[in-house]
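First up is the structure itself, then whatever we jot down about it.
Bear in mind these aren't lab numbers, they're just calculated from the coordinates by the rules spelled out. All of these numbers come straight from a predicted model, not from anything done at the bench. Counting neighbours? That spans all protein chains shown, and the Cβs are built from the backbone with ideal geometry, glycine included.
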Amino acid sequence: MTISPLNTKDFMNISRERPPYRPVRKRVRDFEEVEMFLDEKQLNEQARRCMKCGIPFCHGTGCPLGNLIPDFNAAAAAGDWEFAWELLQTTSSFPEFTSRVCPALCEGSCTSGINFESVTIRLIEKSIIEKAFQNGWVQMNPPQKRNGRKIAIIGSGPAGLSAAVEMNKAGFEITVFEKNAVPGGLLRYGIPDFKLAKTVIDRRLALLRNAGIHFQCGTSIGSDISPQYLLKKYDAVIFATGSPIPRNLEIPGRELEGIHFALDFLQGQNRANAGELKTVPISAKNKKVVVIGGGDTGSDCLGTSWRQKAQSVLQIEIMPQAPEKRSPATPWPQFPLVYKTSSSHKEGGERRFNTNTVRFIGESGKLTGVEICPVEWTCGTFGRPIKFESVKDQKEIIPCDLALLALGFLKQSREQLLNAWNMEDSEKIYIAGDAASGPSLVVKAIANGRDIAANAIHNLT
């Protein structure tokens, strides 16, 4: 089908719509998805804002998957959602995931964003995939012929699932090993339900199983099955185990009870929501919570704390507050450095920037406070912060009985990963996603899993 060209001036005449959210007073009482959908009229207008550039940087520079964004925007603007889905599915394995949790790198590269506001690409993508599911257009079937070769994939997060899809299409017999009770990896256990409902994952897993992909859950590689056994039984092994080592904060008082890594906190709530646990192992109920780390994970801790009925929540960040508009340090078409306010931030709490955590304070082995102090940054080219000094005469003690460390994760080298598995390197071993690159985005993990699968297919056929 041929879609008529868009009116390339609509981006000047139609305003960008913000993501609609459920009312705060209702959403903090549950863990249902916070973000709502635009209506048909809004979707049509937002899709019409696309300029359909001669050189679409959203497609080539922004999106790691290379989504055909101007084309599916044009199809959405014309109301042809089935064709929009056909375009989207040619490049994106799991648009229902990326359209919920991706920071929309494509929008950072949108040409309209140079002098106006970028197109709401993520929300359009979300509507395309949901309409596709509603109308039964999303289908995954086994390959017509198997090639007789078997692949083991360790880890069922976005990279592992992406690699599984591509290698299954090529005729390989795929078994995905997962240490947890249910597949999904970070998508299931690391991202709060209010951002990504787990029914969305289950819906996709049913399709993957229908396509012939096998899942072996509750299996820990190294204790239940040795990596060496997998190398003997399978033609290749893809490690997609993520970046599991959290960055610690080695300051006085770290040993006190009440200090936890953010992912442990978030995982506990997700497992309780799923019925894997009867109660949450780490609760913020009636507690004064301090979240250390200003990124998305810290924001997730904020939203989860309110749902657990925290008394107060303070999120602190050592970096300066980002500017309201694009910084010269991240010129177009780079992803812009701008101040972000998530749905969780809009639910309450306090945020502080330029703030260093000095020590944890406690009584009888339990956390009672956090000592902080402001910092002053020395900036380099384009105002990019390069080093800081603490303003020690302005120290402050914040009452706190639950501290959550949301400081990111550490990258492991290939050698470190293989040593952890007590393995020698082999041409049969592939490493995908965060396990290879270090902590990154879901969309980049999906893209890398696809690339690793393509490399393995090339080497094995």
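So how far, in whole Å, is the C-alpha centre of the stretch 168-183 from the one of the stretch 302-324?
Here the two parts' Cα centres lie 37 Å apart.
Once you place label points 7 Å from the Cα toward the Cβ at SER364 and ALA206, how far apart are they in nm?
Once both label points are built, they end up 5.1 nm from each other.
Using unit Cβ charges (K, R positive; D, E negative) and no other charged atoms, how large, in debye to the nearest 20, is the dipole of the stretch 114-261 about its Cα centre?
Working: 19 positive and 13 negative charges, 124 e Å.
For this selection, approximately 600 debye.
Using helices alone, what [θ] at 222 nm do you get for the chain, with -39,500 (n - 2.57) per DSSP H run of 4 or more residues, divided over all residues and rounded to the nearest 500? Don't jump to the answer; show the numbers that get you there.
Working: 17 runs with 151 residues, N = 461.
Value at 222 nm, helices only, nearest 500: -9000 deg cm²/dmol.
Ratio of Rg to Rh for the stretch 136-184, alpha carbon only, Kirkwood? Please list the in-between numbers first.
Details: Rg = 11.6 Å, Rh = 11.6 Å.
With Rg and the Kirkwood Rh in hand, the quotient comes to 1.00.
What pairs from LYS179/LYS232; LYS179/LYS444; LYS126/LYS285 go past 29 Å between their alpha carbons?
Values: LYS179/LYS232 20 Å; LYS179/LYS444 23 Å; LYS126/LYS285 33 Å.
Over 29 Å Cα-Cα: LYS126/LYS285.
I need the peptides 200-210, 394-404 ranked by packing, meaning the mean over residues of other C-beta atoms within 10 angstrom, with the highest value on top. Intermediate results must be reported in sequence, preceding the final value.
Working: 200-210: 16.5, 394-404: 18.6.
The packing order, highest mean first, is 394-404, 200-210.
Measure off 7 Å from each Cα along the Cα-to-Cβ vector at SER413 and GLN394, then give the distance between these two points in nanometres to one decimal.
About 4.1 nm, to one decimal.
So if I place +1 on the C-beta of Lys and Arg and -1 on the C-beta of Asp and Glu, and nothing else carries charge, what would the dipole magnitude of the stretch 18-92 be about its Cα centre? I want it in debye, nearest 20. Walk me through the numbers on the way to the answer.
On the way: 10 positive and 11 negative charges, 105 e Å.
For this selection, approximately 500 debye.
For the stretch 272-405, state what percent of all Cα-Cα pairs lands in each successive 10 Å bin, counting from 0 Å until the bin that includes the largest distance.
Per 10 Å bin, starting at zero, the Cα-Cα P(r) for the stretch 272-405 comes out as 11, 35, 32, 16, 5, 0 percent.
Explain nothing, just the number: relative contact order of the stretch 400-461, from Cα pairs under 8 Å at least 6 residues apart, as a whole percent. Don't skip to the answer; put the middle values down first.
On the way: 34 pairs, mean separation 20.1, N = 62.
Answer for the stretch 400-461 is 32 percent.
Which of the three applies to the stretch 141-238, rounded, prolate or oblate, going by the alpha-carbon gyration tensor with a ≥ b ≥ c and a/c under 1.5 meaning rounded? Spell out each step's value before the answer.
Working: a/c = 2.52, a/b = 1.26, b/c = 2.01.
Here the stretch 141-238 falls in the oblate category.
Taking a spot 7 Å from the Cα of MET319 along the direction of its beta carbon, which residues of the stretch 346-365 have an amide N less than 12 Å from it?
Residues passing the 12 Å test: 354.
Residues in the stretch 179-215 near a label at GLN144, defined as backbone nitrogen under 19 Å from the 7 Å Cα→Cβ point?
Residues passing the 19 Å test: 211-212.
Evaluated at 37 °C with a viscosity of 0.692 mPa s, what Stokes-Einstein diffusion coefficient in µm²/s does the chain have when Rh comes from the Kirkwood expression over alpha-carbon pairs? Don't skip to the end; give the middle numbers.
On the way: Rh = 23.7 Å.
Answer, rounded: 138 µm²/s.
With charges set only on the Cβ (+1 for Lys and Arg, -1 for Asp and Glu), what does the dipole of the chain come to about its Cα centre, in debye to the nearest 20?
Details: 56 positive and 49 negative charges, 88 e Å.
Taking the Cα centre of the chain as origin, the dipole is about 420 debye.
Computed FRET efficiency, Cβ-Cβ of TYR339 and THR381, R0 22 Å: what is it to the nearest 0.05?
Details: r = 20 Å, r/R0 = 0.93.
About 0.60, to the nearest 0.05.
Percent relative contact order of the stretch 84-169, based on C-alpha pairs within less than 8 angstrom and at least six residues apart?
Details: 46 pairs, mean separation 22.5, N = 86.
Once normalised by length, the contact order is 26 percent.
Packing-wise, with mean Cβ within 10 Å as the measure, how do 289-302, 346-359, 267-280 rank, highest first? Let's see the in-between values first.
Details: 289-302: 24.3, 346-359: 17.6, 267-280: 16.0.
My ranking of the peptides, most packed first, is 289-302, 346-359, 267-280.
For the chain, give me the percentage of DSSP beta bridges that are antiparallel, rounded to the nearest 5 percent. If you can, show how the numbers build up before the last one.
Details: 19 of 52 bridges.
Beta bridges within the chain, antiparallel portion: roughly 35 percent.
Could you give the length gained on full extension between ASP425 and ASN115, defined as 0.36 nm per residue of separation minus the Cα-Cα distance, in nm?
Working: separation 310, 0.36 × 310 = 111.60 nm, distance 5.05 nm.
So the extension gain works out to 106.5 nm.
Hey, which lysines would be in cross-link range of LYS395, C-alpha to C-alpha under 24 Å, not counting anything within fewer than 8 residues on its own chain?
Excluding near neighbours in sequence, the set is LYS287, LYS288, LYS366, LYS387.
Restricting to Cα pairs below 8 Å that are 6+ residues apart, what does the relative contact order work out to for the chain? Please round to a whole percent.
Numbers: 930 pairs, mean separation 76.2, N = 461.
For the chain, the relative contact order is 17 percent.
Once Rh is set to the Kirkwood radius over Cα pairs, what Stokes-Einstein translational diffusion coefficient, in µm²/s, holds for the stretch 1-145 at a temperature of 10 °C and a viscosity of 1.306 mPa s?
On the way: Rh = 15.8 Å.
The estimated diffusion coefficient comes to 101 µm²/s.
By how many nm would the segment from SER312 to PHE37 grow when fully extended, if each residue of separation counts as 0.36 nm and the alpha-carbon distance is taken off?
Values: separation 275, 0.36 × 275 = 99.00 nm, distance 3.03 nm.
Roughly 96.0 nm would be gained on extension.
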